[in-house]
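Encoded as structure tokens, the structure appears first; notes follow it.
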Amino acid sequence: MPPRLLRGDSANFMPDEIMRAPRSELPITIEDVSVQSGSVTILESVSLMLAPGAPTVLIGPNGSGKSSLLRLAMGLLSPTAGRVMWGGRTSSGGDRRAIVFQRPVMLRRSVAANIAFALRGRRAQQRDRAGRVAALLDLVGLAALAARPARRLSGGEQQRVALARALARDPEILFLDEPTANLDPAATKAVEDIIVQVASAGVKIVLATHDLGEARRLAGEIVFMVRGRVHERTPAKSFFAGPATEEAQAFLKGDLVI
Amino acid sequence: MQDGASAFDLIVGGDPVLYAIIALSLMVSVCATLLAAATGLPLGALLALVRFPGRAAVTIVLNAFMGLPPVVVGLAMYLLLSRSGPLGFLGLLFTPHAMILAQAVLVMPIIAALTRQTVEDLWVEYRDEMTAMGIGPAGRVAALLWDARFSLMTTLLAGFGRAAAEVGTVMIVGGNIDGFTRTMTTAIALETSKGDLPLAIGLGIVLITLIIAVNAAAAAARRLGELHAG
């Protein structure tokens, strides 16, 4: 179920929004997918199913293919081999998926206008927008900065604007690509609190990180990747208690895994 | 020195001939720039976003047309608008409307080519976000033009500057008719050849002052806008 808190005032719902049953994006099934760029293998024979449930956290060293896997599942990257299906369909044109990039780009307008723009992409009714923008600003704790130029915010605040923009799509599944990289602890906590809140409202979270602390705090399950391949997929507790592969053990110990 | 003083008198004294010429010139150049912007901005944005066979060739031609010789444009427009030309039935030759059209043709490639470059650079920055947000082609064009508005202001100024300073095209299609199609540039050329330097100098001073004032106002607006929008 989509999180009600993201919808704004329920009195502003349009009947057609209530009546229309959007096609589910889940599960996302990745079947034996490889992605090549020239002679470089980005993803190799990856198979994975992303179903509703606790957050899935992709971990692994830089260049292991975490961001590419997120883009693939989002439909922004096409496989060279294999296939991806969203709710049983191979069309990548769904609108209930959203992504927050590692370095989100703020449009050259105010914080509120950035979120309103994302709502336009969702084809939200004009009269609903103000209420939904206000609800999203409250959710990410930026109501006081609504009129500020988004590009002038701090890195942590920009990440929260990006989260609000992504949530404006009312997603079933939210991909987060290293959302707290380069943020200080306070900003990291603010972003993680929102992620926890969104996940508890029923949105499937798929997050890429190489921050093991963040993975411990947020993950329901771990997907461990090295060199474009999925090496291990296990519940988070099992993974941190005793990873199955040598690479994962080395990674947890802090050894260099290349 | 005496010509300069006389020119100053014409400006300060509110000479009706001089100010009628200035008014017509501004009207023609502003209208031509707006017309060129109405076509050049979306064309430039589409060229930046849409991939199609021959796009590189179109871009090269557009860039080359930024340096279109005004007299050649004037000649082409003359042939189109003359009584025996394909658009002769409109009866526009030797009217301000013909001058606006001709200047718009001259300015449009400048606006389109500079817009293409500006929007393409911004699109590289925005592509992932807009694709992820599911923004359609029309929404992308509108959003990119809006977010690039401060850079595009400079583009429009370049177009306006080209139109305001141009003489060959308006001379050919306007005919430099006294009180009807005489602009600052054509009047300066005529008065200089006649030896009436005060009017020519006065118009020259006004022309340069206007261009500086418009640029200064646009720069101030751009700075304020950037402060506001980020």
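Ignoring trypsin sites (Lys or Arg not before Pro) that are buried or in helix or strand per DSSP, and keeping those with at most 16 other beta carbon atoms within 10 Å, what is the longest stretch of chain A between them? Write out the running numbers ahead of the final one.
Numbers: sites that count: A:20, A:23, A:123.
With trypsin sites (Lys or Arg not before Pro) excluded where exposed in loops, chain A gives A:124-258 as its longest stretch.
By how many nm would the segment from residue B:189 to residue B:212 lengthen if fully extended, with 0.36 nm per residue of separation less the alpha-carbon distance?
Working: separation 23, 0.36 × 23 = 8.28 nm, distance 2.09 nm.
Taking residue B:189 through residue B:212 to full extension adds about 6.2 nm, to one decimal.
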### Message
Given the options A:100, A:88, A:72, identify the residue whose Cα lies farthest towards the positive end of the charge dipole of chain A (+1 on Cβ of Lys, Arg; -1 on Cβ of Asp, Glu).
### Response
A:100
#### Entry: Among beta bridges that DSSP assigns inside the protein assembly as shown, antiparallel share in %, nearest 5
55 percent
### Query
Looking at segment B:65-103, which chymotrypsin sites (Phe, Trp or Tyr not before Pro) are DSSP coil and have at most 11 other C-beta atoms within 10 Å of their C-beta?
none
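So what is the orientation-averaged projected area of chain A, using the convex hull of its C-alpha atoms, in nm²? Before the final figure, lay out each step's value.
On the way: hull surface 55.4 nm².
Average projection, Cα convex hull of chain A: 13.9 nm².
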#### Entry: Local electrostatic count, residue B:215, Cβ distance below 14 Å [Lys/Arg +1, Asp/Glu -1]
+3
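For residue A:54 and residue A:210, what is the calculated FRET efficiency with R₀ set at 25 Å and r taken between the beta-carbons, to the nearest 0.05?
On the way: r = 20 Å, r/R0 = 0.80.
In this case the efficiency is close to 0.80.
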### Query
Quick one: longest stretch of chain B between exposed loop trypsin sites (Lys or Arg not before Pro), exposed meaning at most 15 other C-beta atoms within 10 Å and loop per DSSP?
B:84-230
### Task
Compare B:202, B:88, B:159 in a GNM of chain B, Cα atoms joined below 10 Å, and give the one with the largest fluctuation.
B:88
### Message
Through the Karplus equation 6.51 cos²θ - 1.76 cosθ + 1.60, θ set to phi - 60°, convert the phi angles of segment A:200-205 into ³J(HN,Hα) values in whole Hz; use x for Gly and Pro.
### Response
6, 7, x, 7, 6, 9
### Task
Tell me the label-point distance for the pair residue A:130, residue B:71, using the 7 Å Cα-to-Cβ offset, in nm and rounded to one decimal.
6.0 nm
### Summary
In whole percent, the Cα-Cα distances of segment B:19-196 spread across 10 Å bins from 0 upward as 10, 33, 29, 18, 8, 2, 0
### Task
Pull up all non-local amide H partners of residue A:225: gap of 5 or more, or a different chain, and H-to-H distance under 5 Å with H placed in the peptide plane.
A:59, A:60, A:231
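Only the coordinates and a few stated rules stand behind these numbers; no lab work does. Note that this is a predicted model, so its numbers are computed, not measured. FYI the Cβ positions are ideal-geometry reconstructions off the backbone, even for glycines, and counts take in every protein chain you see.
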